[in-house]
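See below for the structure under consideration.
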Amino acid sequence: MIRGQGEAFVRGIPLLALLLAAPLAGQETGTPPQGSSPASSTQPPASSYTPHRVYDTRNKKFIEFETLASRLAAADIVFIGEQHDDPATHRMELAILEGMARRRDSVVLALEMWERDVQPLLDRYLAGSATEDELLKDGRPWKNYVADYRPLVELARARSWPVVASNSPRPLASLVSRGGLAALDTLAPGVRAQVAEAVSCPEDAYFEKFKAVMGDMSSHLPAGVTPDSAAARLMRVYYAQCVKDETMGESVARAWAPGRLVIHYNGAFHSDFKLGTAERARERASGAEVIVVTALPVTDLDRLDPSKGERKRADYLLYVLAPVKADSASR
């Protein structure tokens, strides 16, 4: 069975918690452990496979992992949608990137987990002119960066691949969540360039999915705030979500060129159903073949039967074995 699908959707958009409540602002960022940081190295870490199965949703059949890797390597832009807190998913994400390294020379790694204003520092680290201590100190890495995303960056560094910090800075997304899209017009040109040049936010199928996950926002409001205010708050948070999708989509499209593969790692909600970030990138990268993979932690790999709704989420479903939680083991 799939581990809490509703829970998974929320985990695919964890930055929304930051936009809703300032005290949560430190939950996604991380500082390196006091007294030490991982040693910089040009040698990528060893691969670590984990029990998994891959489902081809277009042909409605399970396929081998190497078949998936071969198909992804033939694409132009690949989105890997993850649940941020699942270790098994992160191990397979490294395996996917290693699969690209075996098959392609011109690869760009792009990550939701780094923000645009950190790009100069990230570039200096990749070039060897900044230390990893400096990157971890000033780059605002997510708290699970060392365990889960560092292996991807180190593999790219060892291969001399570019790494794109694709996301909008959190303070700007938070600004939009409080003041709407008009808040972008108040920014100085240099700051405004840290988010996508064009930002649209239609109330379409993506909005309906977003609204279903977030609810009517009433649970996030102080006592005495009216439902109308809750609806307005929902829209502002949705605008912030659009800013992030537009910025990541623009970052991916800018990094792509014919003959180059861009592989972007992000929370699954940003690319599920080829909406959100995936849609914004496809609109900008005319002619590019875009493939979406969604990772799904499950507690049983032997009795998988993807539903029609599940099959619509991505071109490929990467099921990974998640441990059964103690509170659900007896259900």
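Taken together, the values in this text are just the output of simple stated rules run on the coordinates, not laboratory data. Since the model is a prediction, treat every value here as computed from it, not as a measurement. Every residue, glycine as well, gets a Cβ built from its backbone with ideal geometry; the counts of neighbours run over all protein chains shown.
Taking label points 7 Å from Cα along the Cα-to-Cβ direction, residue 283 and residue 300 give a separation of 4.2 nm.
The label point for residue 198 and the one for residue 138, both projected 7 Å from the Cα toward the Cβ, are 3.5 nm apart. Note on residue 65 and residue 229: with the Förster distance fixed at 41 Å, the Cβ-Cβ geometry gives a FRET efficiency of about 0.25. Semi-axis lengths, largest first, of the ellipsoid equivalent to region 91-237 are 35, 19, 15 Å, with √(5λ) applied to each eigenvalue of the Cα gyration tensor. Alpha carbon centre of region 189-212 versus region 299-319: separation in Å? Cα centroid of region 189-212 versus Cα centroid of region 299-319: 28 Å apart. Once both labels are positioned 7 Å from their Cα atoms along Cα-to-Cβ, the gap between residue 308 and residue 123 label points is 4.9 nm.
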